[in-house]
Amino acid sequence: MSAQDDDRYRPGGPWAPNEQAVNYSGYLNNEELGKRLQRIDKRSDRITLEQIGESAGRGDPIWEVTVGDGDENVHIINQIHGDEPTGAEAMVKILQTLANGSGPTIDAILDELTITIIPRVNPDGANFVGDDGLGTDGELRQRRYNTTEWEDGDSQYINTNSYAYDLETPGYDLNRGFSIDPEFTPGDEDEDWWTVEDEAENLATLNMPVDEVPLELKDGDPYEALWSVGLNLNPETQAVTESFLEADPDWAITHHHQGPTIDPESGDQGGPEWQSIMSVMAPFGPSYVGLDGVDYRSYVGQGNPFLSVDAQTRSLQLSGLVADQMEQFGHGRFNTITRYGYGPLWGSYLDALCPQTDAAGALYEVSHQSDDRGHKARGTMVKVTVEGIMASFERIADGSIHDVDEMSYFDIPLSEGIENPHDDR
């Protein structure tokens, strides 16, 4: 019997049985996050804390933290989707360790790496209060989007790749809004870049001709156009882009949540299938396309040909080591790492920004959004993130990441979605 066949048993769960089981106030709000970061900064001379921007609606700070002074640079962003909060929580724990910890491993990380972390990219989505999200009194919620409202002149059309035009409260999916040309000025795009979907509502999809992309093709032949690109209209994506380019990273990690998934190989142990605690994903290009067995992503074509073969290989190693790390916990909820099928998303942090510095990239996707995972499960989600990222720091610092067999990434089982029994609530 599989987990899909029986809604009564969810190893590695639970889902929140109802909305009352979700305690948003248990997560760090924007003010609390700022205070925690300031406290760490005040108590340690290893940390540099800087406000690099503010959110579109609430005007809340976007914080950047830098630690270490090594030659290899790592850039990490968290909570670009407001309802995906555990990355920010994990970063606070990681920063506390790096700011105050001691021992050979911590010393090596600080000596070899310069780490730049943006704990919360989307303060508006994280602290959505009231009907429009901008209130000071009322119910605290979390939502995926920010609160930017599109205005005439922002671009020729409303970019349906990223704009939440079908929601009552406007906003952008910020991880669809990065531009693969950081110098591009929105509004200067040509008419023929747009595929108009609704002339009356001014809705269109933006695709950029590849000869307009100011990047060297490093692996494979060019696409004719890149689909679903972003325009970097939002102050949040602008702050991240500036941070990324200034950090000039060799490695980049973005933390997300995903819907509930199962580890399809867990049932081989003779019992029910376990929910996957986290999926990982590596961006790659023509040198590795066709190896992942993701039929539903057959449109990927050449993957990301703007990444060198070296960056693609390091990306696979960066994701592959997470599964290796979780093997140390033995059979159980931590030993359920799955692989998220890759197809380039040209408005995303990884696909738009990694090519700027030829950085290796990795996506962490812990299972469940904040509104369908009981609050008591938060600790498990935070722990798996902390373990994976700290292991990445350690192995980049000591060079052993290059000992990871990049092909082992494709041995990680593909995640499989499962139906939430409470979706009809």
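Just one of Val74, Val121, Val67, Val129 is closer than 30 Å to Ile401 by Cβ, without any contact (Cβ under 8 Å) to a residue 60 or more places away in the chain and either of a type outside the set (Lys, Arg) or open to solvent by less than 10 Å² (accessible area, probe 1.4 Å) (or both); which is it?
Val67
Identify the single condition in (1) open to solvent by less than 70 Å² (accessible area, probe 1.4 Å); (2) within 29 Å of Thr195 (Cα to Cα); (3) assigned to a loop (DSSP other than H, G, I, E, B) that Asp152 does not satisfy, given that it satisfies every other one.
(1)
Of all the residues that make up the stretch 208-224, how many are over 20 Å from Gln356 (Cβ atoms) and either touching a strand residue (DSSP E or B) at 6+ places or on another chain (Cβ under 8 Å) or open to solvent by less than 20 Å² (accessible area, probe 1.4 Å) (or both)?
The total comes to 1.
Of all residues in the stretch 26-63, how many are of a type outside the set (A, V, I, L, M), within 23 Å of Glu84 (Cα to Cα) and part of a strand (DSSP E or B)?
Filtering the stretch 26-63 down to residues of a type outside the set (A, V, I, L, M) leaves 26-27, 29-32, 34-36, 38-39, 41-46, 48, 50-51, 53-55, 57-61, 63.
Next, only the ones that are within 23 Å of Glu84 (Cα to Cα) stay: 26-27, 29-32, 34-36, 38, 50-51, 53-55, 57-61, 63.
When the remaining residues are screened for being part of a strand (DSSP E or B), the result is 50-51, 53-54, 61, 63.
Counting residues in the stretch 26-63 that are of a type outside the set (A, V, I, L, M), within 23 Å of Glu84 (Cα to Cα) and part of a strand (DSSP E or B) gives 6.
Which of the following residues is free of Cβ contacts under 8 Å to residues at least 24 places away in the same chain and either under 19 Å from the mean Cα position of the chain (by Cα) or surrounded by fewer than 17 Cβ atoms within 10 Å (Cβ to Cβ) (or both): Thr136, Thr116, Thr86?
Details: Thr116 fails: free of Cβ contacts under 8 Å to residues at least 24 places away in the same chain; Thr86 fails: free of Cβ contacts under 8 Å to residues at least 24 places away in the same chain.
Exactly one residue qualifies, and that residue is Thr136.
Let's see how each residue does on (1) farther than 18 Å from Pro260 by Cβ; (2) out of contact with any strand residue (DSSP E or B) (no Cβ under 9 Å at 6 or more places or on another chain); (3) modelled with pLDDT of 80 or more:
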{"site": "Arg314", "(1), (2), (3)": "yes, no, yes"}
{"site": "Gly320", "(1), (2), (3)": "yes, no, yes"}
{"site": "His331", "(1), (2), (3)": "yes, yes, no"}
{"site": "Ala352", "(1), (2), (3)": "yes, yes, yes"}
{"site": "Asp371", "(1), (2), (3)": "no, no, no"}
{"site": "Met381", "(1), (2), (3)": "no, no, yes"}
{"site": "Val384", "(1), (2), (3)": "no, no, yes"}
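Taking the stated definitions as given, is Tyr157 aromatic (Phe, Trp, Tyr), within 22 Å of Ile62 (Cα to Cα) and free of Cβ contacts under 8 Å to residues at least 60 places away in the same chain?
Answer is no for this residue.
Any chance you could count how many residues in the stretch 139-149 are touching a Gly at 6+ places or on another chain (Cβ under 8 Å), open to solvent by less than 60 Å² (accessible area, probe 1.4 Å) and within 23 Å of Thr86 (Cα to Cα)?
Final tally of qualifying residues: 5.
Can Ser228 be described as under 22 Å from the mean Cα position of the chain (by Cα), at positive phi and not in a strand (DSSP E or B)? Step through it out loud before you land on a result.
Values: under 22 Å from the mean Cα position of the chain (by Cα): yes; at positive phi: yes; not in a strand (DSSP E or B): yes.
Criteria met by Ser228.
Can you find, within the stretch 159-200, the residue that is surrounded by the most Cβ atoms within 10 Å (Cβ to Cβ) among those that are closer than 29 Å to Ile253 by Cα and among the β-branched types (Val, Ile, Thr)?
Ile180
The values are calculated or read from the model by the stated rules, or taken from the named source; none is laboratory data. Keep in mind the model is a prediction, meaning the values are calculated, not measured. In this analysis, Cβ positions are derived from the backbone assuming ideal geometry, glycine residues included, and neighbour counts consider all displayed protein chains. Accessible surface areas use protein heavy atoms only, side chains included; no ligands, DNA or RNA. Shrake-Rupley method; radii C 1.70, N 1.55, O 1.52, S 1.80 Å.
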